[in-house]
Amino acid sequence: MHIAIAGGGLGGLTLARILHRHGIGAAVYEREAGRAARGQGGLLDLHPESGQKALDDAGLTAEFRSEARPEGEEHRILDPAGRTLVHHLPRPGSFAGRPEIDRGVLRDLLLDALPEETVSWSRRLVAAAPRPGGGYELTFDGGHRAGCDVLIGAEGARSVVRPLLTGTTLAPVGTLVELTIGDPDARHPELAELVGPGNLWCVGECRILAAQRLGDSIRVGVSLPADDRDPDVYRDKRALLELFDGWSPRLTALLEPGDNPPTVRRIETMPADPGWTHRPGVTLIGDAAHLMPPVGEGANQAMLDAAELAAALIADPASAIRTYEEAMFTRIRPIAERSARIQAMMLSPTAADDLVRFFTPAAERGRPETPAVAR
Ligand SMILES: Cc1cc2nc3c(=O)[nH]c(=O)nc-3n(C[C@H](O)[C@H](O)[C@H](O)COP(=O)(O)OP(=O)(O)OC[C@H]3O[C@@H](n4cnc5c(N)ncnc54)[C@H](O)[C@@H]3O)c2cc1C
């Protein structure tokens, strides 16, 4: 059985790794030119029941623990005046919660656990068509071709495999503007202290100014609801700063030193119910299957999809895809619905109050400086 995985992101690589561990080969086709071709983005917190479980199935728990940063779980929520609303402190050195790991480090960890020939780089899938005798014919940018018996679409939001199964479309739910501040401890110690070792969210009406500590940089993000305005206007820092008129200068200082011009991306989602009619020999995992707002579940669920699909393929290849899809549809719907509610709450006019309620046990509400709260 020749298994092809389109996309070498967290979902595709986790799937390839678990299969490899059980003696099943798979070919991963990745559009990027190599592992260092593009920065992989910020921190991920891996949940015990999904991301961490998948890494356990991949035999990589020890490697994860040596690279993860439990202290990255610390988060602070401030109001526009800079007052602390929530300050969550994780237990020192504990992996019981949702330890954070740099996305690039996690991807490297998976790549290092695969035979080098598993991933074919510079292979952007442009078309997939059923073969008359079963399986799929794959065409890549530049004219390369390959065949497979089983095709897994793990190529993220703009999946090329998805239309083989569903006509679902993406809807915009927000805009994310990002900046990176390099070497903050030496160059901007006051910002390093403001952000701390984990996440900072400064929450206003219908906008969030967030910052996240990576190894030797701070990643700053501005989240806005989707509207009719051309989001590219925020490539101009003045337009970005105007959004935060009246906010404490201590917070807006995060927008001043970015090393490069701001990058702007639309946040899109799929409907919460990812169901499609089963078709033999082809399926989807991760964002290709269920694109959700970025509120902490997407990568975790992509990795759990990979673990569950791998388990089904190892147990019984003939029924694997149907078994995986039925369980995945049931699992994802409530998670996608909750993610959509959280996304709407975070960008609402009452977001600060709502977030404090969300993060703070009822008994602790009303205290001016909330101590450690569970996530
Ligand atoms: C700003 C932001 C913050 C987020 N934070 C979190 C978080 O804290 N926790 C969390 O769990 N999730 C988070 N997410 C969601 C998470 O990033 C995604 O859900 C996750 O990356 C999905 O993994 P994937 O493997 O399905 O897809 P991807 O990570 O998108 O990987 C797809 C891979 O396929 C490749 N590819 C794309 N098209 C093709 C093609 N045609 N042919 C070949 N290869 C192709 C891409 O280059 C990529 O390597 C966040 C998302 C965003 C945008």
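The values are calculated or read from the model by the stated rules, or taken from the named source; none is laboratory data. All values derive from a computational prediction rather than experimental measurement. Positions of Cβ are generated from backbone atoms using ideal geometry, with glycine treated the same way; all protein chains shown enter the neighbour counts.
Give the residues of the stretch 1-18 that are more than 13 Å from the ligand (Cβ to nearest atom) and buried (at least 24 other Cβ atoms within 10 Å of the Cβ), sorted by residue number.
Selection gives Ile18 alone.
Within the stretch 248-271, track down each residue that is polar (S, T, N, Q) and farther than 30 Å from Leu291 by Cβ.
Ser248, Thr252
Filter the stretch 121-178 down to the residues that are out of contact with any Gly (no Cβ under 6 Å at 6 or more places or on another chain), aromatic (Phe, Trp, Tyr) and within 10 Å of the ligand (Cβ to nearest atom) and list them by number.
Residue satisfying the conditions is Phe140 alone.
Any idea which of (1) touching a Phe, Trp or Tyr at 6+ places or on another chain (Cβ under 6 Å); (2) touching a residue at least 40 places away in the same chain (Cβ under 8 Å); (3) of a type outside the set (S, T, N, Q) is the one Ala210 doesn't satisfy?
With respect to (1) touching a Phe, Trp or Tyr at 6+ places or on another chain (Cβ under 6 Å); (2) touching a residue at least 40 places away in the same chain (Cβ under 8 Å); (3) of a type outside the set (S, T, N, Q), Ala210 is out only on (2).
Regarding Leu241, is this residue over 27 Å from Leu15 (Cβ atoms), more than 12 Å from the ligand (Cβ to nearest atom) and either buried (at least 20 other Cβ atoms within 10 Å of the Cβ) or modelled with pLDDT of 95 or more (or both)?
Here the answer is no, as Leu241 does not meet what is asked.
Just one of Val160, Val126, Val150 is over 27 Å from Pro294 (Cβ atoms) and of a type in the set (A, V, I, L, M); which is it?
Val150
May I ask you to verify whether Ile101 is away from the ligand (no atom under 13 Å from the Cβ) and touching a strand residue (DSSP E or B) at 6+ places or on another chain (Cβ under 9 Å)?
It is false that Ile101 is away from the ligand (no atom under 13 Å from the Cβ) and touching a strand residue (DSSP E or B) at 6+ places or on another chain (Cβ under 9 Å).
How many of the residues making up the stretch 293-327 are outside any helix (DSSP H, G or I) and in contact with a strand residue (DSSP E or B) (Cβ under 6 Å, 6 or more places away or on another chain)?
1
Of the residues in the stretch 31-74, how many are over 26 Å from Ile332 (Cα atoms) and not in a loop (DSSP other than H, G, I, E, B)?
9
Has the stretch 166-185 got at least one residue that is surrounded by fewer than 16 Cβ atoms within 10 Å (Cβ to Cβ), in contact with a helix residue (DSSP H, G or I) (Cβ under 9 Å, 6 or more places away or on another chain), at pLDDT 95 or above and within 19 Å of Pro257 (Cβ to Cβ)?
Yes; the residues of the stretch 166-185 include at least one that is surrounded by fewer than 16 Cβ atoms within 10 Å (Cβ to Cβ), in contact with a helix residue (DSSP H, G or I) (Cβ under 9 Å, 6 or more places away or on another chain), at pLDDT 95 or above and within 19 Å of Pro257 (Cβ to Cβ).
Condition check ((1) crowded, with 17+ Cβ neighbours inside 10 Å; (2) at pLDDT 95 or above; (3) out of contact with any helix residue (DSSP H, G or I) (no Cβ under 7 Å at 6 or more places or on another chain); (4) within 18 Å of Glu30 (Cβ to Cβ)) across all residues:
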site	(1), (2), (3), (4)
Pro99	yes, no, no, no
Gly104	yes, no, yes, yes
Asp112	no, yes, yes, yes
Ser120	no, yes, yes, yes
Leu125	yes, yes, yes, yes
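Step by step: first the residues of the stretch 267-300, then only those that are within 12 Å of the ligand (Cβ to nearest atom) and touching a Ser or Thr at 6+ places or on another chain (Cβ under 6 Å), then the one that is modelled with the lowest pLDDT. Which residue is that?
Filtering first and then ranking leaves Val295.
Quick one: which residue in Gly41, Gly72 is surrounded by 19 or more Cβ atoms within 10 Å (Cβ to Cβ), modelled with pLDDT under 95, within 11 Å of the ligand (Cβ to nearest atom) and not aliphatic (A, V, I, L, M)?
Only one candidate passes the filter, namely Gly72.
Would you check if there is a residue in the stretch 54-66 being under 24 Å from Ser122 (Cα atoms) and in the same structural domain as Leu125 (by TED's automatic domain parsing)?
no
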